[in-house]
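Reading through the structure tokens given below for one structure.
The values are calculated or read from the model by the stated rules, or taken from the named source; none is laboratory data. Quick caveat, the model's predicted, so the values are computed rather than measured. Cβ placement follows ideal geometry from the backbone for every residue including glycine, while neighbour counts extend to all protein chains displayed. Note: accessible area is taken over every heavy atom of the protein model, side chains too, but ligands, DNA and RNA are not part of it. Shrake-Rupley method; radii C 1.70, N 1.55, O 1.52, S 1.80 Å.
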Amino acid sequence: MKVLGIESSCDETSAAVVIDGRQVVSNVVWSQIKVHEPFGGVVPELASRNHLRYITPVVDSALRKAGIAPSDLDGLAVTIGPGLMGSLLVGVQFAKAMAAATGTPLVGVNHLEGHLSASFMIDGIEPPEFPYVGLAVSGGHTSIYLVEGWGRLKLLGRTLDDAAGEAFDKAASMLGLSYPGGVVIDRISRGRNVAAVGFPRPMLRESTMNMSFSGLKTALKRHLETLPATPDADQTAEIAASFQEAVVDILVARTVGAAVSTGVRDVVIAGGVAANSRLRERMDLACRAADRRLLAVPLSLCTDNAAMIAGLGYQYLFGVLRDAECPRGIDMDPFMRHVSAG
Ligand code: KG4
Ligand code: ZN
């Protein structure tokens, strides 16, 4: 079964063709990073205007790369939230028009469930077994779920303020590094002393699965104010590595803690920040020590992409859920869950 996925929830315009929910035959991602870079963050109005401009060529390119025509598709899937409303509307309206024109069934899916379900597309690896613990960690979200099945996600803990990716991006901007900062912090931190600056680990002593990252940002600001001069490249790299270590400590402790307390075996990490090399390394060690299996989503499927949306859409359209009553997912508007064609 060939499903075309469409993703436009933030600043990536993406379309992908996935076969039987696992085999990615094309995954075109048009990133707007250059558009938003001068502003240090995503400007919603610019994001929706750029989606409008690129959605047609991006979908076209995904179909061409897969060597198929719209009439060959068995299903369509589109992200319906959470995300920027103007950006989401572009993808949803495009998908609805395509469904109406071709008579192909269309399903609306949740972006966060999409991120986590990319763990079903890891080459040569057995997919996670339900229930699993999933950390969805990106520029807009940092949440830990107990995933009991498709569309059945129980929120165990989340950030009470900034998302981890947002913390990375803001820290990078304070350090004079380019946007999006998470990638740069990851790169310059490699091989550096992670204890050069003693950043706090907010809330870690509290018996909750929630997290907080905004205090870390304040601690960085204060640290920079105490320095006699603007840090040079070496000092910047050490500060970045120490900051990253604090974020990673919080994410690892909470995620593995959630797996241990719920007694589940499989741990999934997904979303843009799951591309972080130190997080992957530390999470792997912690999962091994706790006798859990880590499924880290491949780098190409960590940041926003439509392959994860197509894979998830397949499950709703043709997988085990097909004849079952569709359960309600997270943050899901039930009216929008299934958008019928025509
Ligand atoms: O999932 P994503 O593409 O978009 C959202 O749904 O937010 O995530 C983007 C976020 C940005 O904050 C970016 O700085 C962060 O993911 N990110 C990273 C890395 N790659 C992307 N953060 C840390 N290390 C990375 N290697
Ligand atoms: Zn995302």
Debye log10 I(q)/I(0) for region 16-96, one point scatterer per Cα, at q = 0.18, 0.22, 0.27 Å⁻¹: -0.83, -1.11, -1.37
In degrees, nearest ten, helix 164-174 long axis to first principal axis of the chain (Cα): 50
Cα centroid separation, region 282-306 to region 45-88 (Å): 27
3J(HN,Hα) from dihedral phi, region 275-284, Karplus parametrisation 6.51/-1.76/1.60, rounded to Hz, x for glycine, proline: 7, 5, 5, 5, 5, 5, 5, 5, 5, 4
Antiparallel DSSP beta bridges within region 130-297, percent to nearest 5: 55
Proportion of all alpha-carbon pairs of region 132-268 beyond 18 Å (%): 55
At most 12 other Cβ within 10 Å, DSSP loop - GluC sites (Glu not before Pro), region 163-244: Glu206
Highest-fluctuation residue, Arg293, Arg222, Arg201 considered, GNM on the chain with Cα pairs under 10 Å: Arg222
Cα long-axis angle, helix 85-102 against the chain (0 to 90 degrees, to the nearest 10): 20
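Given a 1.4 angstrom probe, I'd like the percentage of the accessible area of the chain that is carbon and sulfur, rounded to a whole number.
53
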Gyration tensor (Cα) of region 112-166, equivalent ellipsoid semi-axes in angstrom: 21, 14, 8
Asp72 - accessible surface, heavy atoms, 1.4 Å probe, Å² rounded to 10: 70
For the chain, calculated [θ]222 nm from helices alone, where every DSSP H run of n ≥ 4 adds -39500 (n - 2.57): -13500 deg cm²/dmol
Extent along principal axes [Cα atoms of the chain; Å; largest to smallest]: 65, 45, 34
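How do Phe130, Phe94 stack up against each other in accessible area, from largest to smallest, with a 1.4 angstrom probe? Intermediate results must be reported in sequence, preceding the final value.
Values: Phe130 70, Phe94 50 Å².
Greatest to least solvent exposure: Phe130, Phe94.
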Sequence of Trp150, Trp30 when ordered by accessible area, the most exposed leading, probe 1.4 angstrom: Trp30, Trp150
Cα-based helix-to-principal-axis angle, 214-226 vs the chain, degrees rounded to 10: 40
Estimated FRET transfer efficiency when R0 is 51 angstrom, pair Ser71-Arg187 (beta carbons, to 0.05): 0.70
Most fluctuating residue given options Leu160, Leu294, Leu88, as computed from a GNM of the chain linking Cα atoms under 10 Å: Leu160
Amide H within-cut-off set for Asp162, under 5 Å, with H built and near neighbours excluded: Phe213, Ser214
Most fluctuating residue given options Asn193, Asn27, Asn110, as computed from a GNM of the chain linking Cα atoms under 10 Å: Asn193
Karplus-derived 3J(HN,Hα), 6.51/-1.76/1.60, for each residue of region 109-117, Hz, glycine and proline x: 10, 7, 4, 6, 5, x, 3, 5, 6
